[in-house]
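Participant: There's a structure below that I have some questions on.
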Amino acid sequence: MQPKLIIHGGAGSSLKGKGAGTIRQSLYRVLETVYSLLSAGASARAAAVLGCQLLEDDPHFNAGTGSVLQSDGQIRMSAALMDGAAQRFSGVINVSRLQHPIDLAQALQSSTDRVLSDQGAAELLRELQLPIYDPLIESRLQEWLQERRGNFSHAAAGVVVEPELAVETSARTGTIGIVALDQQGHLAAGTSTGGKGFERIGRVSDSAMPAGNYATAEAAVSCTGIGEDIIDECLATRIIIRVSDGLSLEAAFERSFSEAYQRQRDFGAIGIDATGAIAWGKTSEVLLAAYHDGEQMGDTLEMTEDPQTACR
Ligand code: GLY
């Protein structure tokens, strides 16, 4: 099969001015690298892991390097990987001091215990002898210091980090995600996040739950946006079950996003099905997503109507 790929770097309110160009460049660079891997015959799962690593390394996005700070000024990250062919989910919740949280999710794919939280995730990090790494960047620290002065009045941190790119309403969150279809027709989804930003210690993100990251043999979906809204809709799983029950991917996205819009949810999602259809949807003002359909690359950055679902 011709490989397909879609990735996201968060959802929120509109990007202003030059923001879109910078984000587009970042997303397209990752698309090109990961699509080359898929074209060389790599598995969808390997593509999801590489894509997450690259986006975790990009300080524009709220995952890995560039993660937001929680209310106590600490970074705690979450990530999940789902192999659609095996229908196997693995993930880590609230892990600190590593470069690529997705590496832990990848290591847990072959474990009997497949979702670990803080202490267990830290122990796995030690067992795997992954180097200690500080994902903090100066602008996220400044963002936290500013919020502390305002007594944490925002519900979430900025979707992307530079002041000139930051979005401005309370609907501000970012996460990264990859959905891939490989030459064998297998699907996988990977998602990684620093969380909402400024949240209570112990708050659990949707990103390491099947609500935010899910895949079967029929379809794969990764979500971004306000985690509580994604969990309340059980969004990724809801979309995929609809595909398993016979809806097209586009119809599954449309129905799920129309319900979500009526319930005033704030999020976006990307997906691919086993036929190679690529889809995205959002109730947020903007979804930072880009795709490679084998012929060309495209993105959703200028799509600001609300709500919106689209399919290729
Ligand atoms: N979707 C990321 C989070 O809310 O934690």
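Participant: Run down Thr283, Thr216 and say which single residue is under 26 Å from Ala121 (Cβ atoms) and of a type in the set (Val, Ile, Thr). Step through it out loud before you land on a result.
Facilitator: Details: Thr283 fails: under 26 Å from Ala121 (Cβ atoms).
When all the criteria are applied, what remains is Thr216.
Participant: Identify the single condition in (1) part of a strand (DSSP E or B); (2) open to solvent by 10 Å² or more (accessible area, probe 1.4 Å) that Ser222 does not satisfy, given that it satisfies every other one.
Facilitator: (2)
Participant: Which of the residues belonging to the range 182-197 are near the ligand (Cβ under 10 Å from one of its atoms), among the small types (Gly, Ala, Ser) and assigned to a loop (DSSP other than H, G, I, E, B)?
Facilitator: Residues of the range 182-197 near the ligand (Cβ under 10 Å from one of its atoms): 191-197.
Retained after the next criterion (residues that are among the small types (Gly, Ala, Ser)): 192, 194-195, 197.
Scanning the range 182-197 gives Gly194, Gly195, Gly197.
Participant: Taking the stated definitions as given, is Arg45 more than 15 Å from Ala189 (Cβ to Cβ), open to solvent by 30 Å² or more (accessible area, probe 1.4 Å), modelled with pLDDT of 95 or more and out of contact with any Phe, Trp or Tyr (no Cβ under 6 Å at 6 or more places or on another chain)? Before you say what the answer is, go through the steps one by one.
Facilitator: Values: more than 15 Å from Ala189 (Cβ to Cβ): no; open to solvent by 30 Å² or more (accessible area, probe 1.4 Å): yes; modelled with pLDDT of 95 or more: yes; out of contact with any Phe, Trp or Tyr (no Cβ under 6 Å at 6 or more places or on another chain): yes.
Judged against the criteria, Arg45 is not a match.
Participant: A further question follows. So which strands (runs of 3 or more DSSP E) are wholly in the range 242-312 and hold at least 2 residues that are touching a Leu at 6+ places or on another chain (Cβ under 7 Å), surrounded by fewer than 16 Cβ atoms within 10 Å (Cβ to Cβ) and not basic (Lys, Arg)? Let's see the steps before the verdict.
Facilitator: Details: elements: 267-273, 278-282, 286-292, 297-299, 308-311.
By residue number, no strands (runs of 3 or more DSSP E) qualify.
Participant: If you scan the range 77-100, which residues turn out to be within 13 Å of the chain's Cα centre (by Cα), among the hydrophobic types (A, V, I, L, M, F, W, C) and within 13 Å of the ligand (Cβ to nearest atom)?
Facilitator: Met77, Ala79, Ala80
Participant: Let me ask you something else. Of all residues in the range 225-241, which are part of a helix (DSSP H, G or I), within 14 Å of the ligand (Cβ to nearest atom) and touching a residue at least 24 places away in the same chain (Cβ under 8 Å)? Talk me through it step by step, then tell me what you get.
Facilitator: Applying the first criterion (part of a helix (DSSP H, G or I)) to the range 225-241 yields 227-233, 235-241.
From what's left, within 14 Å of the ligand (Cβ to nearest atom): 227-233, 235-236.
Scanning the range 225-241 gives Gly227, Asp229, Ile230, Ile231, Asp232, Glu233, Leu235, Ala236.
Participant: Name the residues in the range 51-76 that are within 12 Å of the chain's Cα centre (by Cα) and open to solvent by less than 10 Å² (accessible area, probe 1.4 Å), would you?
Facilitator: The initial filter retains those residues of the range 51-76 that are within 12 Å of the chain's Cα centre (by Cα), namely 51-53, 55-56, 61-64.
Scanning the range 51-76 gives Gly51, Cys52, Leu55, Glu56, Phe61, Asn62, Ala63, Gly64.
Participant: Right, next: Is it true that some residue in the range 6-16 is under 24 Å from Lys196 (Cα atoms), open to solvent by 10 Å² or more (accessible area, probe 1.4 Å) and of a type outside the set (S, T, N, Q)?
Facilitator: yes
Participant: A follow-up question, please. Kindly indicate whether Tyr35 is open to solvent by less than 40 Å² (accessible area, probe 1.4 Å), out of contact with any helix residue (DSSP H, G or I) (no Cβ under 7 Å at 6 or more places or on another chain), under 28 Å from Gly298 (Cα atoms) and modelled with pLDDT of 95 or more.
Facilitator: Yes; evaluated as a whole, the condition is true for this residue.
Participant: Go over the candidates Gly84, Gly158, Gly120 one by one and state the one that is at pLDDT 95 or above and open to solvent by less than 20 Å² (accessible area, probe 1.4 Å). Outline the logic, then answer.
Facilitator: On the way: Gly158 fails: at pLDDT 95 or above; Gly120 fails: open to solvent by less than 20 Å² (accessible area, probe 1.4 Å).
Going through Gly84, Gly158, Gly120 in turn, just one is at pLDDT 95 or above and open to solvent by less than 20 Å² (accessible area, probe 1.4 Å): Gly84.
Participant: Just to be sure before I move on: is Asp134 at pLDDT 90 or above, in contact with a strand residue (DSSP E or B) (Cβ under 7 Å, 6 or more places away or on another chain), open to solvent by 40 Å² or more (accessible area, probe 1.4 Å) and under 20 Å from Leu69 (Cβ atoms) in the structure I sent?
Facilitator: Numbers: at pLDDT 90 or above: yes; in contact with a strand residue (DSSP E or B) (Cβ under 7 Å, 6 or more places away or on another chain): no; open to solvent by 40 Å² or more (accessible area, probe 1.4 Å): yes; under 20 Å from Leu69 (Cβ atoms): yes.
No, not satisfied.
Participant: Follow-up. Among the candidates Gln53, Gln87, Gln2, Gln99, which residue alone is in contact (Cβ under 8 Å) with a residue 24 or more places away in the chain and farther than 23 Å from Ile278 by Cβ? Quick ask: steps written out before the conclusion?
Facilitator: On the way: Gln53 fails: farther than 23 Å from Ile278 by Cβ; Gln87 fails: farther than 23 Å from Ile278 by Cβ; Gln2 fails: farther than 23 Å from Ile278 by Cβ.
On inspection, the qualifying residue turns out to be Gln99.
Participant: Restricting the range 198-219 to residues that are open to solvent by less than 10 Å² (accessible area, probe 1.4 Å) and part of a strand (DSSP E or B), which is nearest to the ligand (Cβ to nearest atom)?
Facilitator: Going through the qualifying residues, I end up with Asn213.
Participant: Also, I was wondering about something else. For the list (1) at pLDDT 95 or above; (2) assigned to a loop (DSSP other than H, G, I, E, B); (3) open to solvent by less than 10 Å² (accessible area, probe 1.4 Å); (4) β-branched (Val, Ile, Thr), I need the number of the one condition that Val179 fails.
Facilitator: (2)
The values are calculated or read from the model by the stated rules, or taken from the named source; none is laboratory data. Because the structure is a prediction, the values reported are computed rather than measured. For neighbour counting, all protein chains shown are included, and Cβ atoms are generated from backbone atoms with ideal geometry for every residue, glycine included. Calculation scope for accessible area: heavy atoms of the full protein, side chains included, ligands and nucleic acids excluded. Shrake-Rupley method; radii C 1.70, N 1.55, O 1.52, S 1.80 Å.
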